[in-house]
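A short worksheet on the structure shown next.
The values are calculated or read from the model by the stated rules, or taken from the named source; none is laboratory data. Model, not experiment: these values are computed from the prediction. With ideal geometry, Cβ positions are generated from the backbone for all residues, glycine too; neighbour counts draw on all protein chains shown. Keep in mind that these areas ignore ligands, DNA and RNA; they rest on the heavy atoms of the full protein, side chains included. Shrake-Rupley method; radii C 1.70, N 1.55, O 1.52, S 1.80 Å.
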Amino acid sequence: MIHVQDASNFLKIIKVGLTTLYKIIPVEPFNLVLFGGTGDLARREILPGLYRRFHVGQVQPGSKIIAIARKHLTEQEFLNFVREAITENLDSKLIEETNLVKFLSLISYRSLDANNKNNWESLKGSLDLSLTTAYYLSVGPSIFSSIISNLAHHDLIRVNSRIVVEKPFGHDLASAKELNRKLSKVFDEGQIYRIDHYLGKETVQNLMALRFGNVLFEPLWNSQYIDHIQITVAEKGGVGGRGEYYDNSGAMRDMVQNHLMQLLCLVAMEPPSKFSPDAVRDEKLKVIRSLEPLAANDIVLGQYGQGGSVPSYREDVGNNTSTTESYIALKCNISNWRWANTAFYLRTGKRLRKRVSEIAVVFKKLPHSIFLDHPQINGNVLAIRLQPNEGINMTVTIKEPGPGGMRLIEVPLDMSFAKSLHGEVGNLTNAYERLIMDVIRGNQTLFMRGDEVEAAWKWTDTVISCWQNNRKQPQIYDPNTSGPEDAYMLTNKDQRRWREIEV
Ligand code: NAP
C-alpha cells in the first residue's frame with residue numbers, strides 16, 4: 001500500500017520575493033536514485049529542480065540523491081557537474097552558497113552500467129530502503145528493461161519504492177504494452193509514475209482549476225457554445241542532437257501521442273467526482289477512447305526545408321530520403337454527448353515562427369447581434385498559454401471608449417500568472433520539480449496510468465496507419481513560418497482559421 005504522506009506534518013509558509021506567500025509542505029526524507037544522472041535532462045531540469053525544492057525547505061536533510069551513469073567520475077567531479085547544472089539553469093538570486101553546499105551533501109554518484117549486473121549490490125548497500133525510494137529512469141528507453149530487471153534481481157524493490165519512467169513510453173501499442181507488462185511484473189500500478197512533464201506545468205493545472213473551480217465556464221463548455229478548440233505546440237528549434245531518435249519517431253509519436261493528447265484530455269474530460277488520481281485518469285481515458293478514427297484529409301504532415309543558414313530537416317537528421325514528419329496538424333472529433341461535431345484542431349512542429357504552446361477555446365458567434373453597425377460579432381476566445389508568458393487570456397467585445405455611437409472592439413482580458421504573482425511564478429517551480437515532489441508524496445494524479453498510455457497508442461497507431469495506407473508524404477515548409485500550406489486548408493475548408501503563432 002502506498003500512502004500519500006500526511007500533509008499536516010510541517011506546514012511552512014515561506015515568503016518569496018517581497019509580496020508573495022506560498023505554502024511549502026516539506027516531504028519526509030527519501031532516496032532518489034537518478035539513472036542518467038549525467039544526462040541532459042538531469043542537468044537542465046532534474047538536478048536544478050531538486051536544488052530549488054531544497055532551497056525552499058521542501059526537500060529535507062536526511063534525503064539522498066544517488067546519481068547513476070556509466071562514466072567513471074569521482075564524487076567531486078560529479079558534484080562540480082551538479083554545481084554547474086544549478087548555476088547554469090537557475091536564477092542567481094536563488095543560489096545561496098551555504099544552501100548549495102548543504103544540498104550537495106545529499107548527493108552521491110555511482111558508476112554503473114544498467115545493462116550488466118555489477119555494482120548493484122553496492123548501490124543497495126548505500127540505500128536505506130525503509131525510506132520512500134524513487135528510481136527515476138532518465139535514460140534512453142532501450143535500457144528501461146535492464147534497469148527494471150536489475151532492480152528486481154537485486155531485491156531493491158519494497159512496498160514504498162516508486163519508479164519514474166520518462167518518455168518515450170513505447171514506440172507503438174505493442175511496445176507500450178510490453179513495457180507495461182515488464183513494469184507490472186515487479187511494481188504495482190500504484191508505484192509506477194509515467195511522466196509527461198506537460199502535466200506538471202502551472203497553466204495545465206490551472207486549466208483544471210479554471211474549469212472545475214469556477215461556475216462561469218463549465219455550463220458553456222460543450223458543443224452548444226464552443227465552435228472549436230485549437231491546441232498548438234510550436235517549437236522554434238529543430239531536432240537538435242536527437243536526430244536519430246527523432247527520425248525514427250516523428251512529431252506524432254514524439255509530441256501528439258503524449259503532450260497534445262494529454263492537453264486534449266484535460267480540456268475535453270468530464271468533471272471527475274474528485275481531484276484524485278484514479279477519478280481524473282478515468283475521465284481522461286474516456287476521452288481518449290471516444291476519439292474517432294481520422295480520415296486521410298484530417299491529417300497534414302510537414303517537414304522543414306532549408307532556409308538561409310538553417311539546415312533542412314533531412315540535413316539535420318543525416319537522412320536525405322527521410323519522410324518523417326517534423327510537423328503535424330490533425331482535425332479530431334470526440335464522439336460523446338458533450339463534444340459531438342466539435343472540431344479539435346491539433347498542431348505541433350519544429351522550426352516554426354515562435355516557441356508557443358497554447359490551447360484556444362473558440363466560442364460560437366452570437367446568434368443575433370442587436371448592434372446594427374456590427375451585424376457579425378466574433379465569438380469569445382479563451383486562450384490558455386502554457387509557454388511563454390504562462391497565463392489565461394480571454395477576448396471580450398466591449399464598447400470602444402469615447403463619444404459618438406456604439407462602436408464595438410475586441411479586447412483581451414489578460415490573466416497573466418507572472419503579473420498577478422509578481423513575476424515569481426517562473427522562479428517558484430518548474431514542471432519536473434513539482435512532479436518529483438508528487439512522486440515522493442505518492443500522488444499519481446499528474447501521471448499517466450498504464451491503460452491511458454495504451455489507449456493513446458492505440459489511437460496513435462490508427463492515425464499513423466491511415467496516412468501510411470494513403471501514402472501521404474510530408475509537405476516541405478520554410479523554417480520560421482507557421483508550417484505547411486496544407487495546414488491552412490485543414491481549417492479553411494471549415495471556414496475557420498488557425499490562430500497566429502505569436503508570443
Ligand atoms: P542523455 O543526455 O543522452 O543522457 C543519458 C544518460 O543515461 C546519461 O547520463 C548516460 O550516461 C546514461 N546512460 C546511458 N546508458 C547507460 C547505461 N547502460 N547504464 C547507466 N547509465 C546509462 O539523455 P537525456 O536527454 O537526459 O534523456 C533521458 C531520457 O529523458 C530519455 O528517455 C529522453 O527521451 C527523456 N527526455 C528527455 C528530455 C530532455 O529535454 N533532454 C525531455 C523529455 C524526455 P553514460 O553515457 O555515462 O552512461
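Subtracting the Cα-Cα distance of Asn118 and Cys466 from their residue separation scaled by 0.36 nm leaves 120.7 nm.
In this structure, the residue pairs whose Cα-Cα separation is over 27 Å, taken from Lys167/Lys201; Lys284/Lys493; Lys364/Lys472; Lys71/Lys201; Lys185/Lys331; Lys71/Lys102, are Lys284/Lys493; Lys364/Lys472; Lys71/Lys201; Lys185/Lys331. For segment 259-349, the dipole from Cβ point charges (+1 on Lys and Arg, -1 on Asp and Glu) about the Cα centre works out to 240 debye, to the nearest 20. Which parts of segment 219-243 would a label at Asp478 reach, counting a residue when its backbone N lies under 17 Å from a point 7 Å out along Cα-to-Cβ? Answer for segment 219-243: none. For the pair Val215 and Asp172, the difference between a 0.36 nm per residue extended length and the Cα-Cα distance amounts to 11.5 nm. Scalar couplings 3J(HN,Hα) for segment 472-488, obtained by applying the Karplus form with A = 6.51, B = -1.76, C = 1.60 to θ = phi - 60°, are 6, 10, x, 8, 6, 10, 6, x, 6, 10, 8, x, x, 4, 4, 5, 5 Hz; x denotes Gly and Pro. Counted over segment 11-166, the DSSP beta bridges are approximately 20% antiparallel.
Projecting label points 7 angstrom from Cα along Cα→Cβ for Phe371 and Val411 puts them 1.2 nm apart.
Each label was represented as a point 7 Å from its Cα along the Cα-to-Cβ direction; for Ser146 and Ala296 these points are 4.3 nm apart.
The lysines whose alpha-carbon is closer than 16 Å to the alpha-carbon of Lys350, local same-chain residues fewer than 8 away aside, are Lys236. The amide H of Tyr135, built 1.01 Å from its N in the peptide plane, has Val33, Arg162, Ile163, Val164 as neighbours under 5 Å, considering only residues 5 or more places off or on other chains. Pair-distance distribution of the chain: all C-alpha pairs, bin width 10 Å, starting at 0; shares per bin in whole percent are 4, 17, 27, 27, 17, 6, 1, 0, 0. Here the Karplus curve 6.51 cos²θ - 1.76 cosθ + 1.60, taken at θ = phi - 60°, turns the phi angles of segment 177-185 into couplings of 4, 5, 5, 4, 5, 5, 5, 6, 5 Hz, with x standing for Gly and Pro.
Spatially, segment 42-115 and segment 182-198 are offset by 24 Å when compared through their Cα centroids.
Only DSSP H runs of four or more residues enter the estimate; each adds -39500 (n - 2.57), and after division by the residues of the chain the mean residue ellipticity at 222 nm equals -8500 deg cm²/dmol. The charge dipole of segment 199-492, taken about its Cα centre with unit charges on the Cβ atoms of Lys, Arg (+1), Asp and Glu (-1) only, comes to about 200 debye.
Starting from the Cα gyration tensor of segment 270-358, take the square roots of the eigenvalues, sort them a ≥ b ≥ c, and report rounded, prolate or oblate (rounded when a/c is under 1.5, otherwise prolate if a/b is larger than b/c, else oblate). Prolate, because a/c is 1.5 or more and a/b exceeds b/c. Accessible area per residue for the chain, computed on protein heavy atoms with a 1.4 Å probe, is 45 Å². Put a plus charge on the Cβ of each Lys and Arg, a minus charge on the Cβ of each Asp and Glu, and nothing anywhere else: the dipole of segment 350-503 about its Cα centre is then about 280 debye. How far, in degrees from 0 to 90, does helix 144-153 lean away from the longest principal axis of the Cα atoms of the chain, to the nearest 10? Roughly 40 degrees between the two axes.
Using a Förster distance of 25 Å, how high is the FRET efficiency between Leu127 and Ile25, based on the Cβ-Cβ distance and rounded to 0.05? For R0 = 25 Å, the calculated efficiency reads 0.55. The residue list Asn31, Met252, Leu137 was ranked by how far each Cα lies along the charge dipole of the chain toward its positive end, using unit charges on Cβ atoms, and Asn31 comes out on top. Express as a percent, rounded to the nearest 5, the fraction of DSSP beta bridges in the chain (both residues included) that run antiparallel. Roughly 55 percent of the DSSP beta bridges within the chain come out antiparallel.
Measuring from label point to label point, each 7 Å out along Cα→Cβ, what is the Ser273 to Ser108 span in nm? Inter-label distance under the simple model: 4.6 nm. Protection proxy ranking, highest mean first, for peptides 328-338, 71-81, 26-36: 26-36, 328-338, 71-81, where packing is the per-residue count of other beta-carbon atoms within 10 Å, averaged. 3J(HN,Hα) along segment 299-304, derived from phi through the Karplus expression 6.51 cos²θ - 1.76 cosθ + 1.60 where θ = phi - 60°, amounts to 10, 10, 10, x, 9, 6 Hz, with x in place of Gly and Pro.
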